[in-house]
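A short worksheet on the structure shown next.
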Amino acid sequence: MNSLHLEVSDPGSILLLLQDLADLPCTLVQQKLNKYFQNVTGAKVAFLAPILFETEEMVIHVVGEKILDRELRFPVSWQVINHALHRAVKQRKSMAQNITELDQELLQHLRSVVDVAPNLFLSIPIQHPIKDHIALVVCLVDYENKEDAEHNCTKFVQECFRYCLGLLLSTLRCQEEARLKIQCQNLLAVSRKLFMRLGDLSDLLREIMAEARKLTNAERCSLFLLDLEQQDLVAKVFDGVVTGKTVKEMRISLNQGIAGHVATSGKLLNIRNAYSHPLFYRGIDDVTGFKTRNILCFPIRDEERIIGVAQLCNKMDGLYFDVFDEEVATAFSIYCGISIMHSIVYKKIQDAQARNKLSNELMMYHMQQVEDEAVQALLNCRDDHNIKDFDQFHFSPRNIPYRHMPCYVLKMFRDLGFIDHWKIKRTTLARFILYVKKGYRDAPYHNWVHAFSVAHFAYLMIKNLELIGDLYMSHLQALVFLVSCLCHDIDHRGTNNSFQTKCGTVLASLYSSEGSVMERHHLAQSMCILNTEGCNIFESLTSEEYSEALDLLRNNILATDLASHFRNVDKQQAIICRGYAKDNLDQRKQLHAMFMTCCDLSDQTKTWKVSKKTAEQIYDEFFSQGDLEKSMGTAPIEMMDRERASIPDLQVQFITNLVLPLFTNLATLFPLTEQLVNVIKDNREVWKVVKSLFQKYSQKGTTGMDILLDPRLDEEIDKTFNSLAGNSEGSPEQETSEQKASCDCRPSEMNSTEVMPESN
Ligand code: 7OP
Ligand code: ZN
């Protein structure tokens, strides 16, 4: 068929063409159209340069009948094409130009596709039906003069597009969507790869550049990270090789070269001809012998700022990096920035952890220096340590002379058979005890004496309630129970958990995300001591026993957070009331948690004198925290505010809501401890009397603490109870067993928010 002889408006040939185009992919549609145009215009080569509205690019997929291996993309603003387009839009007219005026690079590319040597090239505008955009058909033709070419060819082409434009646009759109889909998939695959390498930054950077090179088909790649302090760029990957380890570090100034320009401007630079670019520095090529043709250089940024620059050199399957490459680079740089930042943060965290561990070791090492004679002194103490009633519930461990407390800890271990059963070296145990003692600060309440008294209560329970056995505790659980009590408040600073969080202390930043900030710290400190040379009292345990011991230690110490007690108290109560199943691991854990709370609050089970003394210490500590909070400009809670707290009221509440229910439960399980419930009730009665005495002593300028410490108060209390009951120990009337613990006898006012205003 020689179409040249057809009439322009011959519908037959156009209909034939249309029929031929049905359901073909975009490239084949263009191929047929080009062939048709070549036929009807007699052009050597015809090709379409559709305009993509979204990206303002032109893209060439097919030249004549040849489908390009890789599409050719360039901006609409591009030199010669733009010139023709401009005229076409303005005048809606074709334009023929001398072939020599065609962009040299495009011409070079066309020559590699088809062997042509026509004298003119003709740009024919195709009007989009709605948008004011134009597609271009370019024909390379041999004509004597331009007007003839314009006149003869334009009609054929424009006539044809009346029918084919719709179809062409649809297939183009389809093609573009498919391309975007592949691009997204590629980027997703890359980001997955990158995020798997966050652990090692240099590994990550190498991978990043390898991927960038692959995506754009570049010959070489380099990556620079911004050093803000030095105001320069540090090469992390240079020509695909990771620098810094074997290769010397390379730095370029921020106000120098292409990379520097991109880093400061934040804009991507696509340089087609490196040697003619004013910013290009030839020096490196001259040394290495590498010839840089073109460069795609783009910034890499995190959420806020530019953190580096990536540079790709020499497009391998094309003349230069095109708009498509720019697009990939832009999307890629975002993934890049995020993964680099994450990797750096990850590294920082690891470094901080390592530093933390190191400083702990260092601290422990320096503590050791003073201890060796002390260990011997403890082991060689001449005292017989046989204080009366040491193993009775009514015994007050706080009355043991301070200097003998470590000796009595040794005694508890020995007495419970732990030293023999677990083959604990006496020097190891002595050193361990002294380290633990040293780990406590001298807070008014949370100090070594508190630890000692809590451990003593564990000793009382293990011994008098015969906990070791099938029912409640294994030998290991008993050992760890005692150790946990000893360690449970190590390095307490006299401030509570909510203080840590509110003030953003170091401990809060370490642990606040998991809750129980202080308790986690006590545990960490305990672990530190166990890991210290010559301190590991668990060293003879099998590895299974050892890891069980650490697990138990963790559960026990974390259970001493009262917030945890309030979360679990209902469960614990239910276990006791409905019957305890000894083989249920969870129930046993709950029971152990409850035992820990009992030990921690055991001061309340001692005589009035003792329990009042500890209350003094507790409020001393609470009020100090309150003062501290005031000085920092925040209002303390009432309980910690020496101006507002009503100590007797708080004590009555604390006993009623927390201590009594707890020990009532214990007494249900172990009737032997009913005596403790009675002591607690007695103490509560005294606090009620103290409340009325407080009102009497209350004047302007006196605080609750002043009254509590006033010796006249003690005298009045003595007087009141001696006349009331005539009781020799100064304790009030005995409430005989009328209130045994049972599920429905639990005080209804038991309410964690009331007792612990700041717990959550
Ligand atoms: N007796 C006590 C504590 C008052 C043995 C602690 C609290 C919660 C609610 C009062 C309150 C205090 C707290 C122990 C003993 C020790 C209890 C944690 C406290 N008499 N307090 N108290 N506690 O946070 F109403 F401070 F470690
Ligand atoms: Zn404690």
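The values are calculated or read from the model by the stated rules, or taken from the named source; none is laboratory data. On a predicted model such as this, the values are computed, not experimentally measured, just so you know. Positions of Cβ are backbone-derived with ideal geometry, glycine not excepted, and every protein chain shown enters the neighbour counts. Just so you know, the surface numbers come from the protein's heavy atoms only, side chains and all, with ligands and any DNA or RNA stripped out. Shrake-Rupley method; radii C 1.70, N 1.55, O 1.52, S 1.80 Å.
Side notes on the structure shown:
- With all protein chains modelled, accessible area of HIS277 [1.4 Å, Å²]: 50 Å²
- Applying both filters, DSSP loop and at most 12 other Cβ atoms within 10 Å, to the GluC sites (Glu not before Pro) of region 496-545 gives GLU533.
- Each residue, ASN98 and GLU638, gets one label point 7 Å from its Cα in the Cβ direction; the gap between the two is 9.8 nm.
- Accessible area in square angstrom per residue, the chain, 1.4 angstrom probe: 48 Å²
- Annotation: amide H of VAL63 within the under-5 Å range of LEU68, sequence separation 5 or more or interchain, hydrogens built in the peptide plane.
- When the C-alpha to C-alpha distance is required to be over 30 Å, the pairs from LYS348/LYS589; LYS463/LYS582; LYS44/LYS93 that qualify are LYS348/LYS589.
- Rounded to whole Hz, the Karplus (6.51, -1.76, 1.60) HN-Hα couplings of region 633-647, x for glycine and proline: x, 10, 7, x, 6, 3, 4, 9, 9, 4, 7, 10, 5, 9, 4
- Anchor LYS193: lysines whose Cα lies under 21 Å away (excluding residues fewer than 8 positions away in-chain): LYS181, LYS214, LYS236, LYS347
- For the chain, the longest principal axis of the Cα atoms and the long axis of helix 201-216 meet at an angle of about 20 degrees.
- Cut-off under 5 Å, modelled amide H: who pairs with ARG301 long-range: ILE307, GLY337
- Counting only residues at least eight positions apart within a chain, or on another chain, the lysines with an alpha carbon under 22 Å from that of LYS719 are LYS606, LYS609, LYS612, LYS613, LYS681, LYS688, LYS691, LYS696.
- Distance from region 555-591 to region 291-346 (C-alpha centre basis), Å: 57 Å
- In order along region 227-238, the Karplus-derived 3J(HN,Hα) couplings, from 6.51 cos²θ - 1.76 cosθ + 1.60 at θ = phi - 60°, round to 10, 5, 5, 7, 6, 8, 9, 10, 6, 9, 10, 10 Hz, and Gly and Pro are given as x.
- Estimated 222 nm signal from helices in the chain, with DSSP H stretches of n ≥ 4 weighted -39500 (n - 2.57), rounded to 500: -17500 deg cm²/dmol
- Full extension of the chain between CYS174 and ASP384 yields a length gain of 66.1 nm, computed as 0.36 nm times the residue separation minus the alpha carbon distance.
- Table column - 3J(HN,Hα) (Hz), region 174-186, Karplus curve with 6.51, -1.76, 1.60, x for Gly and Pro: 4, 4, 5, 4, 4, 5, 4, 4, 5, 4, 4, 4, 4
- Using the Cβ-Cβ distance between ILE182 and SER202 with R0 = 22 Å, the FRET efficiency computed as 1/(1 + (r/R0)^6) comes to roughly 0.15.
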